[in-house]
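*Asks:* One structure coming up, written as structure tokens, with questions to follow.
The values are calculated or read from the model by the stated rules, or taken from the named source; none is laboratory data. Predicted, not measured: the structure shown is a model, and the values here were computed from it. Every residue, glycine among them, receives a Cβ derived from its backbone with ideal geometry; neighbour counts consider all protein chains shown.
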Amino acid sequence: MSRISGRFKQLKEQGKTALIPFITAGDPNPEVTVDLMHAMVSSGANLIELGVPFSDPMADGPVIQRASERALEHHVSLLDVLQMVKTFRERDTKTPLVLMGYLNPIEVMGYENFADRAENAGVDGVLVVDIPPEEGHDLLQALQDHALDQIYLLAPTSTLERITKICNMAGGFVYYVSVKGVTGASHLDLVAVEAKLAEIRARTDLPVGVGFGIKDAETAAAVAKVADAVVVGSALVSRVEALADSPDEIAQALTEVLEVMRKAMDSNT
């Protein structure tokens with residue numbers, strides 16, 4: 001059983017929803033990333049989603065776009081991100097870790113080379129934003145050969161045919177983008193989210209996580225009632241940005257956000 005599957009199984013037995021925070025590797029500088037990852041786990045994170053910096057993050061809103069820009073100012077590469085994961089694994093061998101990013105850096109490295117390096121570093125899953133399943137068979141095969149789950153996105157506009165196709169190819173969990181638009185968008189409609197999750201769950205036994213538009217503890221708790229995982233990104237990255245010139249204060253800022261969210265989510269049980 002993979003770390004991702006095992007963690008979701010454990011949480012289900014406990015009657016809890018997974019909390020999955022996102023940060024961009026290397027933001028605001030490469031030296032703080034691993035410490036932030038450990039701080040998030042200590043604050044109640046059950047899985048970690050680590051963004052790979054990219055020069056043209058078209059699916060991301062301005063907050064996460066600027067995070068990539070800050071990381072790229074330090075020339076943070078995919079190899080650097082994998083080294084951060086490897087360093088993280090020196091102290092934490094249990095927390096599942098998903099890389100989220102774009103296809104170009106993986107293509108440059110080569111699918112097989114990337115999958116091999118990712119497995120050896122301790123990555124558990126990969127979410128590639130800009131490769132549709134129709135074009136992703138070679139990447140999916142490379143990941144599967146190295147026991148890596150490929151996470152796929154579904155959106156409010158996804159048709160039943162699309163949902164079925166994604167669910168048949170996905171591993172680890174399915175990531176439902178709860179609002180239209182880029183990361184950091186708002187206008188979360190919980191009734192619509194619950195209805196879409198029902199459509200997805202009718203087509204897969206995989207856990208379903210919900211992200212985009214989760215800005216505070218109240219929203220996290222509400223989503224936790226209907227989802228298997230709550231993914232929070234821009235709400236954390238905006239705090240990293242605010243403290244970019246005071247990196248020693250970032251871990252505490254993220255801790256405060258996640259602890260409040262974790263407490264609110266657990267109040268559902």
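*Asks:* Which residues, taken from the range 225-245, are crowded, with 22+ Cβ neighbours inside 10 Å and over 16 Å from the mean Cα position of the chain (by Cα)?
*Replies:* Result: VAL240, single match.
*Asks:* Related question: Mind checking whether some residue in the range 113-124 is free of Cβ contacts under 8 Å to residues at least 12 places away in the same chain and more than 20 Å from the chain's Cα centre (by Cα)?
*Replies:* Yes, some residue in the range 113-124 is free of Cβ contacts under 8 Å to residues at least 12 places away in the same chain and more than 20 Å from the chain's Cα centre (by Cα).
*Asks:* If I go through the range 207-238 residue by residue, how many of them are modelled with pLDDT of 95 or more and part of a strand (DSSP E or B)?
*Replies:* 7
*Asks:* Check ARG89, ARG162 and return the single one that is farther than 23 Å from LEU47 by Cβ, surrounded by 13 or more Cβ atoms within 10 Å (Cβ to Cβ) and among the basic types (Lys, Arg).
*Replies:* Result: ARG162 is the single residue among ARG89, ARG162 that is farther than 23 Å from LEU47 by Cβ, surrounded by 13 or more Cβ atoms within 10 Å (Cβ to Cβ) and among the basic types (Lys, Arg).
*Asks:* Please determine whether any residue of the range 30-45 is touching a strand residue (DSSP E or B) at 6+ places or on another chain (Cβ under 6 Å) and not in a helix (DSSP H, G or I).
*Replies:* Yes, some residue in the range 30-45 is touching a strand residue (DSSP E or B) at 6+ places or on another chain (Cβ under 6 Å) and not in a helix (DSSP H, G or I).
Yes/no per residue for (1) touching a residue at least 60 places away in the same chain (Cβ under 8 Å); (2) buried (at least 23 other Cβ atoms within 10 Å of the Cβ); (3) more than 13 Å from the chain's Cα centre (by Cα); (4) closer than 24 Å to TYR102 by Cα:
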| site | (1), (2), (3), (4) |
| --- | --- |
| ILE4 | yes, yes, no, yes |
| GLU13 | no, no, yes, no |
| ALA25 | no, yes, no, yes |
| ASN29 | yes, no, yes, yes |
| ASN46 | yes, no, no, yes |
| VAL52 | no, yes, no, yes |
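*Asks:* Looking at (1) closer than 30 Å to ARG162 by Cβ; (2) crowded, with 21+ Cβ neighbours inside 10 Å; (3) modelled with pLDDT of 95 or more, which is the only condition THR204 fails?
*Replies:* (2)
*Asks:* Report every pair of residues separated by at least 6 positions or lying on different chains whose Cβ atoms are under 8 Å apart, first residue within the range 135-162 and under 17 Å from MET1 (Cβ atoms), second among the charged types (D, E, K, R) and part of a helix (DSSP H, G or I).
*Replies:* HIS146/ASP116; HIS146/GLU119; ALA147/GLU119; LEU148/GLU119
*Asks:* Could you list, in sequence order, the residues of the range 240-255 that are of a type in the set (D, E, K, R) and assigned to a helix (DSSP H, G or I)?
*Replies:* Hits for the range 240-255 are GLU241, ASP248, GLU249.
*Asks:* So how many residues does the range 218-258 have that are of a type in the set (D, E, K, R) and either within 26 Å of LEU11 (Cβ to Cβ) or in contact with a Lys or Arg (Cβ under 7 Å, 6 or more places away or on another chain) (or both)?
*Replies:* Qualifying residue count, the range 218-258: 6.
*Asks:* Given the conditions (1) small (Gly, Ala, Ser); (2) free of Cβ contacts under 8 Å to residues at least 12 places away in the same chain; (3) crowded, with 16+ Cβ neighbours inside 10 Å, report the number of the one that GLY110 does not fulfil.
*Replies:* Unmet condition: (3).
*Asks:* Does any residue in the range 87-102 that is within 19 Å of GLY26 (Cβ to Cβ) come within less than 7 Å, Cβ to Cβ, of a residue that is among the charged types (D, E, K, R) six or more places away or on a different chain, and which pairs are these?
*Replies:* LEU97/ASP124; VAL98/GLU49; VAL98/ASP124; MET100/GLU49; TYR102/ASP130
*Asks:* Looking for whichever is of a type in the set (D, E, K, R) and surrounded by 22 or more Cβ atoms within 10 Å (Cβ to Cβ) here; the options are ASP80, ASP124. Which one fits?
*Replies:* ASP124
*Asks:* So for the range 57-66 (the condition being part of a helix (DSSP H, G or I), crowded, with 17+ Cβ neighbours inside 10 Å, at pLDDT below 95 and within 15 Å of the chain's Cα centre (by Cα)), does at least one residue qualify?
*Replies:* Among the residues of the range 57-66, at least one is part of a helix (DSSP H, G or I), crowded, with 17+ Cβ neighbours inside 10 Å, at pLDDT below 95 and within 15 Å of the chain's Cα centre (by Cα), which makes the answer yes.
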